[in-house]
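The values are calculated or read from the model by the stated rules, or taken from the named source; none is laboratory data. Just so it is clear, the model here is predicted, and its values are computed rather than measured. Ideal geometry is used to build each Cβ from the backbone, glycine not excepted, and the neighbour counts take in all protein chains shown. Heavy atoms of the whole protein, side chains included, go into the accessibility calculation; ligands, DNA and RNA do not. Shrake-Rupley method; radii C 1.70, N 1.55, O 1.52, S 1.80 Å.
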Amino acid sequence: MFELLGTTLPSRLLLGTAQYPSPAILADAVKASGTSVVTVSLRREMAGGRADEKFWSLIRALGTRILPNTAGCHSVKEAVTTANMAREVFGTNWIKLEVIGNQDTLQPDVFGLVEAARILCEDGFDVLPYTTDDLVVAERLLDAGCKVLMPWCAPIGSALGPVNIMALRSMRGHFPDVPLIVDAGLGRPSHATTVMELGFDAVLLNTAVARAADPVGMARAFGKAVEAGREAFCSGMLEPRDVAVPSTPTFGRAAFR
Amino acid sequence: MKLIVNGEALEIDATTLAALLAALDHEGDWLATAVNSDLVHRANRAEFRLSDGDRIEILSPMQGG
C-alpha cells in the first residue's frame, strides 16, 4: 500500500497510456501491471471526436485513478491553462506538471516549472512536478506548494535507466519525508527495482511497457520489479564489502591432515 | 465571424462558444474549451460571446505518458 496525496494506492507503479499497439493491449497491460493510477493527456479535438470518446470510455472502464499531464507545454501559461482544462475534463485536482525546456532532451524548464507549480498549488491543484534530480529546484518546488516530487532518472523515452545514482540517492536523503516518484527514463524492470531499492516511493513509466514486444508481459514484469525493489528496501540490504566473508559457518569444521 | 479554432482559420456564424461547438459537431462531456488561452468552463459556454479574431482551443482526452 502506498499513501499518495491522501489516497491509499495498492500499487507503487504509475503507468502511461500512450504508444500501445491497440486499445485492448493498453487495457490488458494496465490490468497486468497492477497499477491504480494511469496518466492521460489532452489534445485538440478532431472533427466528430468519436475516437476521443472511445478512448475516454476505455480509460473510465479501467477503474483506475487518473493523473492528467501537461505534456507538450513549453510555457507557464500553456501549462496552467492545460491544467485547468484537464481539471474540468477529468474531475481531479491531480496534475502531472510538465513544462518542457529543451526539445532534444525533453528536459524540464525548471524555472517555468516552479512558477507554474506555484500558480497551480495556490489554485488548489495537487501538483506532481516532472523535474530533474536537482536538489535546489526540488526545494523551490516544495516551497511553491508541491507535496510530491517526480525526478527523471534519464530523458523521457530513452530507456537508459538511472544514469546518476548518486543524485537520486542524494535526493532521497535530503527529502526523507517527501513522496518521490521516478518519472521518465526507465527501460527495464531492473531499472525500476534499482530506484525502488534506493528508497523511492514509486515509479511512473510508459514507453518501456508500451513499446515492448509484449506490452502485457512487460507490464506484469514491471509490477513485480517495483514490488521486489520496495520489499528489498524495507528489508534492509547488505552493504557491499571488499573482502570475502564465508557464508557457511566455520565453527566445527573438520580438520584433515 | 472570423475565428481561429484549434489553429485553423474559420469563417462561421456562431456568436457563442456553445453555438460554435454545436456547429462543429463537437459535443460531449469529455471536452474542454479555452478562448484566447483562458479556460471557459462548460457551464459558461452558452453565455460566452465570441468576438472576431478569437482563438479557440477545443481539447479532448488523449493517450499520455
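Remarks
- Ranking by accessible area, most exposed first, for A:Leu205, A:Leu142 with a 1.4 Å probe: A:Leu142, A:Leu205
- Listed residue (A:Gly199, B:Ser37, A:Pro155) projecting farthest to the positive dipole end of the protein assembly as shown, Cβ model: A:Gly199
- The angle between the Cα long axis of helix A:23-33 and the main principal axis of chain A comes to about 40°, on a 0 to 90 degree scale.
- Equivalent ellipsoid of chain B: semi-axes from √(5λ) of the C-alpha gyration tensor, largest first, are 19, 13, 11 Å.
- Relative contact order, percent, the stretch A:116-249 [alpha-carbon distance under 8 Å, six or more residues apart]: 19 percent
- Placing unit charges on each Cβ (+1 for Lys and Arg, -1 for Asp and Glu) gives chain A a dipole about its Cα centre, and among A:Val89, A:Ala138, A:Ile181 the Cα reaching farthest toward its positive end belongs to A:Ile181.
- At a threshold of 20 Å², the residues of the stretch A:77-112 that become less accessible to a 1.4 Å probe in the full protein assembly than in their chain on its own are A:Lys77, A:Thr81, A:Asn84, A:Met85, A:Glu88, A:Val89.
- FRET E, pair A:Ile25, A:Asn164, Förster distance 45 Å, beta-carbon r, rounded to 0.05: 0.85
- By accessible area with a 1.4 Å probe, ligands and nucleic acids excluded, highest first: order of A:Ser170, B:Ser51: B:Ser51, A:Ser170
- Once the convex hull of all Cα atoms in the stretch A:84-189 is built, its volume per residue stands at 112 Å³.
- Between A:Ser36 and A:Ser11, A:Leu13, the built amide H atoms are under 5 Å apart, and every one of these is 5 or more places off in sequence or on another chain.
- Chain pair B, A: total accessible area buried, heavy atoms, 1.4 Å probe, Å²: 2500 Å²
- The residues of the protein assembly as shown have, on average, 48 Å² of accessible surface per residue, using a 1.4 Å probe with all protein chains present.
- Heavy-atom accessible area ranking, 1.4 Å probe, most first, across A:Tyr20, A:Tyr130: A:Tyr20, A:Tyr130
- Carbon and sulfur %, accessible surface of the protein assembly as shown computed with the full protein complex present, 1.4 Å: 52 percent
- Percent of Cα-Cα distances greater than 30 Å, calculated over the protein assembly as shown: 39 percent
- 3J(HN,Hα) along the stretch B:14-23: 4, 9, 10, 5, 4, 5, 5, 4, 5, 5 Hz, from the Karplus curve 6.51 cos²θ - 1.76 cosθ + 1.60 with θ = phi - 60°, whole Hz, x for Gly and Pro.
- Averaged over residues, the count of other Cβ atoms within 10 Å places the peptides B:28-34, A:241-247 in the sequence B:28-34, A:241-247, highest first.
- Relative contact order of chain B, pairs being alpha-carbon contacts under 8 Å that are 6 or more residues apart, as %: 43 percent
- Percent of Cα-Cα distances greater than 24 Å, calculated over the stretch A:7-136: 33 percent
- Near A:Lys147, the amide H atoms lying under 5 Å from its own belong to A:Val127; only residues 5 or more places off or on other chains count, and H is placed 1.01 Å from N.
- When only the Cβ of Lys, Arg, Asp and Glu is charged (+1, +1, -1, -1), the dipole of the stretch A:126-184 relative to its Cα centre reaches about 140 debye.
- Exposure check, 1.4 Å probe, all protein chains in place: B:Ile12 carries approximately 30 Å² of accessible surface.
- Helix A:110-122 axis, angle to chain A major axis (alpha carbon atoms, nearest 10°): 70 degrees
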